[in-house]
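Beneath this line is the structure, given in C-alpha cells, with notes to follow.
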Amino acid sequence: MGCSEAGKIVHLYTDGGSRGNPGPGGAGYLLQTPAGKLLESKAFFLPETTNNAAEYSAVLKGLEAARRLGAQEVVLYSDSELLVRQLGGQYKVKSEHLKKLYAACMEQLAGFRRWTAEHIPREKNTLADRLVNEAIDLKRDIVREEVRQNIKPVRLGILLSGGGRTMVNLHQEIQAGRLPAEIVLVISSRSTAAGVERAREIGLEPVIICRKDFADIQSFSQRIAEELDKAKVELVVQAGWLCLWEIPSQYENRVMNIHPALLPSFGGKGMWGHHVHEAVLKAGCKVSGCTVHFCTSEYDAGPIIIQRCCPVLDDDDADSLAARVFKEECIAYPEAIRLFAAGKLIVKNGRVYTRSIPS
C-alpha cells in the first residue's frame with residue numbers, strides 16, 4: 001500500500017522498550033496518513049537490548065518503512081523526550097552503542113524533503129506501546145495488516161459523575177484516528193460535575209440525570225435507557241460513573257466500565273477513586289492497575305475484558321498511585337473499545353474471549 005493519498009506525507013508513531021535494560025525488548029512503529037488512516041504497523045522482538053537502543057531501533061525501522069512507501073515528508077512522534085531532543089540536535093548522543101543507530105536514523109531522515117520530530121505523552125502513543133509489549137510477550141515479531149478505518153465507528157454513550165478525564169482521553173483518541181468510534185451522547189449524574197463543562201468543550205451538551213430526582217432505581221434506569229435509545233448508542237461507556245443502575249436487556253454486554261484496581265480485588269460499593277488506591281496501599285500490594293469489564297447490575301461485577309498492571313512503589317500515596325494507574329487506564333479503555341468495534345469480544349459462561357471460543 002502506498003501513501004499517495006496522503007500527499008506523500010506520513011505520520012510515524014514509534015516506541016521501544018526493554019525488560020531488564022539490557023534484557024528482552026521490542027521496537028514498534030505505526031505509519032498513518034495525516035487523516036489517521038493506518039498504512040502499516042509492525043513490532044520487532046529484540047532478544048537483548050536497552051531501552052534507548054529499542055527506541056532508536058523503532059525509529060529506524062519506521063523511517064525505512066516510510067521511505068519504502070514513497071513518503072516525502074514525515075512527522076515523527078515518540079514518547080521519548082530524550083530521543084526527540086537528540087534528533088533535533090538539542091542533546092548530543094554520548095553512548096557508544098547508540099551512535100550507530102543515531103547515525104542510521106539521521107541518514108534516513110536526510111532522505112526526506114522535510115521532517116519533524118515531536119514528543120508526545122505515553123498515553124497518546126498507546127498503539128505502538130501495545131505492539132511492543134505484544135512482541136515482547138510472544139517473543140516474536142508482530143505485523144498488523146488490519147486497516148482500522150475499515151471498521152465502522154461505534155456509537156458511544158458516555159456516563160460520568162466526575163471530572164470527565166476518561167471521556168476527554170477517548171475523544172482525543174478518536175480525533176487522532178486511533179479509535180474507530182464517535183461520542184454521540186454524554187449523560188452526567190451531577191449538574192456540577194467538571195465533566196459537564198468538558199463535554200461542552202468537545203461539542204456535546206450533556207444530559208443531566210440525577211438519581212435523587214427519581215423515586216426508585218427502576219425509573220432512574222428507565223430514564224437513562226430512554227436517552228441511550230434515542231441517540232442510537234451501540235456501546236455505553238461508564239467513565240467515572242458512580243450510580244448503580246439496572247441495565248436493560250438490550251444493553252447486555254454493551255455497557256463497559258473501568259475500575260482503578262485489578263478486579264475482583266478492591267471492588268464493590270464505596271470502592272471508587274482514592275478509596276480504592278488507599279485500600280491497595282493499606283493491603284501492602286506490590287502491583288495494582290486497572291480493569292475494563294462488561295457491566296451487570298452489581299457494582300464492579302461482570303466479565304473482564306482487559307487488565308493492565310503497574311507497580312506500587314514504597315513511597316506511594318493515593319495520589320501518586322492514582323496517577324500511575326490512570327496512565328494504564330488511558331491505554332486499556334480505548335483498546336477494549338477497539339476490540340468491541342472490531343467484533344472481537346465474545347462472552348461465554350461469564351468470561352470474555354477475544355479470539356475463538358474454546359471448545
- [ ] Under a 10 Å cutoff between Cα atoms, tell me which one of ILE258, ILE224, ILE305 has the largest fluctuation in the Gaussian network model of the chain.
- [x] ILE224
TODO: Can you bin the range 187-239 into rounded, prolate or oblate? Criterion: square roots of the alpha carbon gyration tensor eigenvalues sorted a ≥ b ≥ c, rounded for a/c under 1.5, prolate for a/b above b/c, oblate for the rest.
DONE: oblate
Open item on the list: Shape verdict for the range 42-151, please, from the Cα gyration tensor: rounded (a/c under 1.5), prolate (a/b greater than b/c) or oblate.
Closed with: oblate
Task: Förster radius 22 Å - calculated FRET efficiency between SER320 and ALA194, Cβ distance, rounded to 0.05 - done: 0.55
- [ ] Please determine, in degrees from 0 to 90 and to the nearest 10, the orientation of helix 51-68 with respect to the longest principal axis defined by the Cα atoms of the chain, where the helix direction is its Cα long axis.
- [x] 80
TODO: Could you check how much of the accessible area of the chain is carbon and sulfur, as a whole percent, using a 1.4 Å probe?
DONE: 49
- [ ] Roll a 1.4 Å probe over the protein chains and send me the accessible area per residue for the chain in Å².
- [x] 47
TODO: Just read off the accessible area of TRP115 with the full protein assembly in place, 1.4 Å probe, to the nearest 10 Å².
DONE: 80
Task: Angle in degrees between helix 96-110 and the longest Cα principal axis of the chain, rounded to the nearest 10 - done: 90
Open item on the list: Using only Cα atoms and rounding to the nearest 10 degrees, what angle (0 to 90) does helix 165-175 make with the longest principal axis of the chain?
Closed with: 50
Task: Gyration tensor (alpha-carbon) shape descriptor, the range 280-323, a/c threshold 1.5 - done: prolate
Task: Simple spin-label estimate for LYS344 and ARG122 in nanometres, 7 Å along Cα-Cβ - done: 2.2
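With r defined as the distance between the Cβ atoms of VAL287 and ARG155 and R0 fixed at 41 Å, what FRET efficiency is calculated, to the nearest 0.05?
After rounding to 0.05, the efficiency reads 0.70.
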Task: Mean ellipticity per residue at 222 nm, deg cm²/dmol - from DSSP H runs of n ≥ 4 across the chain, formula -39500 (n - 2.57) - done: -10500 deg cm²/dmol
TODO: Work out from phi, with θ = phi - 60° and the Karplus expression 6.51 cos²θ - 1.76 cosθ + 1.60, the ³J(HN,Hα) of each residue of the range 239-250, listed in order in whole Hz, and give x for Gly and Pro.
DONE: 10, x, 8, 10, 9, 6, 9, 8, 7, x, 4, 5
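In the structure displayed, which of LYS152/LYS212; LYS42/LYS94; LYS212/LYS269; LYS212/LYS282; LYS8/LYS61 lie more than 26 Å apart, Cα to Cα?
Correct reply: LYS152/LYS212; LYS42/LYS94; LYS212/LYS282.
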Open item on the list: Keeping all protein chains in the complex and leaving out DNA, RNA and ligands, what accessible area do you get for TYR91 with a 1.4 Å probe, in Å² to the nearest 10?
Closed with: 110
Task: Candidates THR116, THR296, THR33, ranked by Gaussian network fluctuation over the chain, Cα under 10 Å, top entry - done: THR116
Task: Separation of alpha-carbon centers, the range 21-88 and the range 159-218, rounded to whole Å - done: 34
- [ ] May I ask you to order 121-127, 200-206 by the average number of other C-beta atoms within 10 Å around their residues, highest value first?
- [x] 121-127, 200-206
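The values are calculated or read from the model by the stated rules, or taken from the named source; none is laboratory data. Remember, predicted model here, so these are calculated numbers, not experimental data. Don't worry about glycine lacking a Cβ; one is built from the backbone with ideal geometry, like all the others, and counts go over all protein chains shown. Note: areas computed on protein heavy atoms with side chains; ligands, DNA, RNA excluded. Shrake-Rupley method; radii C 1.70, N 1.55, O 1.52, S 1.80 Å.
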